[in-house]
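Below: the structure, in C-alpha cells.
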Amino acid sequence: MTSETPAIPPGAQRLAEMPRRIPVNGTFELTVRCNLHCKMCLFRHADSENARLLAEEMTADEWIEMARQAARAGTVNLLITGGEPLLRPDFCEIWEGVYQQGFLITLYTNATLVTPKVMETLRRYPPHKIGVTIYGASPETYRKVCGDAATFARTIAGIHQLQTLPSVLEFRTTIIKDNYADADAIDELVQREFGKEFRVTQARMVTKAVRGACADVESCRLDPEDNVRLAFRRGINLIKQYVGDRYDERNLLLEHVNVSEDDAFQPRLTLFGCDAGMRDYVISWDGQLLGCQMLGVFHTDARGQGFHTAWERFPLEVKLPPVNNTCLSCKSRNICNCCYASRYAETGFLDGLPDYVCKDTSILQAMYDRGESKHGKNEL
C-alpha cells in the first residue's frame, strides 16, 4: 500500500501565496431602498420591490451581531450606507448597537430624513465622518434628478443640523445631464450655506446600475466628451481657488505622472487588483459578504455562516477570467478607470469591453498626448 499526497484544490496554491487578508474596512449596506428616486442611482431598487426587500432585510439584532463579529475579526473603519440608511425605522437602534463596538464610523446619507430622534442618537454617538450627496443647487434640479423638488429644502435643513455634530462633514455629487448646468453652482451653494472651507467631490464616472437596481443610467449620464471636459474644468477651478491671483492659464501643463515608479510596477497579489476582499468588504442589505458594493456576482453568506466563515471562504468564490487582450494591450490602461466591477456593470461580463469607459479614456489620453495647456473657458 502506498500513501498518496492529497490533491491540492484548484487555486489553493495561489491563495496560499497571497498576503494575509484582514477585514480592516467594512461597509454595512442597511438597505437598497431610498426615499429619493435619483435617475443615476447604482443601488436603489424599484418601489414595487419594497415589500420583498423589507421582508428580507437584516434585522437590527442581526446588524448589531454582525458588527460584533466584524470587530472581533479586525474591522476598524466602518461605513453605514444604503440606499438611504435613515429610511429604516430602526436606524437609531442599529446605529447605537453598531457604534458601541468601537469602530471609526462613517455615515452616508442624503440628509432629507434627519429627525429629532436621529439627531438625539447622533449627538450621543457622533460619527467620525458624515458624507452627504448634493444633487443640485435648486428645487427644480432636485425635481429633475431626484423626482421631488421639496427634498432640496429638506436636504439643506438636514445638513445644517448634521453640521452641529463634532463630525467631519464631506460633500459629494454626481453630475448627469439633468444637473450638468448646476455643476459649479453646487460648489457655490455648499460654500455659501456651510462654509468656504468645504469642497465637493464629484464622481468621476457613472456606470450602469448594478445588483438588480432599477436606474436607466444610459439615458441620463453625460456623454464621455462632456464627462472629461467637466472633470478638467472642475480641476482648473480648484487650482484657481488655491493659487488665487497668481493663476495664469498660459502656465498650465497637463501631464500624467506616476507618483512612484517603484510602487506602480511592484507586483502585488490581490483578488481583483484592489483592496476588495483583501482589506475591504461589504455586508449587503440581505446579509451577503461582497468584496465591493458594485460587484455582487461573488459573495458568501455572512448572515447564515457568520462573519468569520464568510470572510475566510470568500476567496474560494472568486473565479475571474483573464482580462481581455484589448485592455491588456491598451496604451491607456494606466489612466483607465476600468475594473472588474465596472466591466461587469457595463457589459454583463467580467472580461467585457466597456465602450463608455473606453471612449472616456481615449478622450483623456488624447489630451495627455497633446500636453494640452490651453483649456479655455469655451472649451471646458
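A few comments on the model shown:
- When the charge dipole of the range 110-153 is built from unit charges on Cβ atoms (+1 for Lys and Arg, -1 for Asp and Glu) and taken about the Cα centre, the candidate among A150, L113, H128 whose Cα reaches farthest toward its positive end is H128.
- Sorted largest first, the spans of the alpha carbon positions of the range 325-370 along the three principal axes are 34, 18, 12 Å.
- L320 paired with R370, simple spin-label distance in nm, labels 7 Å along Cα-to-beta-carbon: 3.4
- Residue pairs, from the table K39/K117; K208/K331; K196/K240; K319/K359; K39/K144; K39/K208, whose Cα atoms sit over 19 Å apart: K39/K117; K208/K331; K319/K359
- Cα-Cα pairs of the range 77-226 separated by more than 18 Å (percent): 59
- Relative contact order of the chain, taken over Cα pairs closer than 8 Å and 6 or more residues apart, is 18 percent.
- Kirkwood Rh in Å, taken over the range 267-332 so that all alpha-carbon pairs contribute: 12.9
- Förster-model FRET efficiency, 30 Å R0, A55 and S138, C-beta, rounded to 0.05: 0.20
- A simple count of charges around G296, restricted to other residues whose Cβ falls under 11 Å of its Cβ and scoring Lys, Arg +1 and Asp, Glu -1, yields -1.
- Cα-Cα pairs of the chain separated by more than 30 Å (percent): 46
- Spin-label model, R204 to R246: label points 7 Å out along the Cα-to-beta-carbon direction sit 2.7 nm apart.
- Computed across the range 108-194, the Kirkwood radius stands at 13.3 Å (inverse of mean 1/r, all Cα pairs).
- Taking 0.36 nm per residue of separation and subtracting the current Cα-Cα distance, fully stretching the chain between R20 and K177 would add 52.2 nm.
- Label-zone membership for the range 146-176, site L104, 7 angstrom Cα→C-beta point, backbone N under 16 Å: 167-170
- Of every Cα-Cα pair in the range 186-233, the percent that sits beyond 16 Å: 57
- Rounded to the nearest 0.05, the FRET efficiency derived from the C-beta distance between D90 and T115 at R0 = 22 Å is 0.95.
- Estimated [θ] at 222 nm from DSSP helical runs (n ≥ 4, -39500 (n - 2.57)) normalised by residues in the chain, nearest 500: -11000 deg cm²/dmol
- The calculated FRET efficiency for the pair E188 and K129, based on their C-beta separation and a Förster distance of 25 Å, comes to about 0.60.
Read the figures in this text as sums done on the coordinates, not as results from a lab. These figures come from a predicted structure and were not determined experimentally. Heads up, the Cβs are rebuilt from the backbone with ideal geometry, glycines too, and the neighbour counts pull from every protein chain shown.
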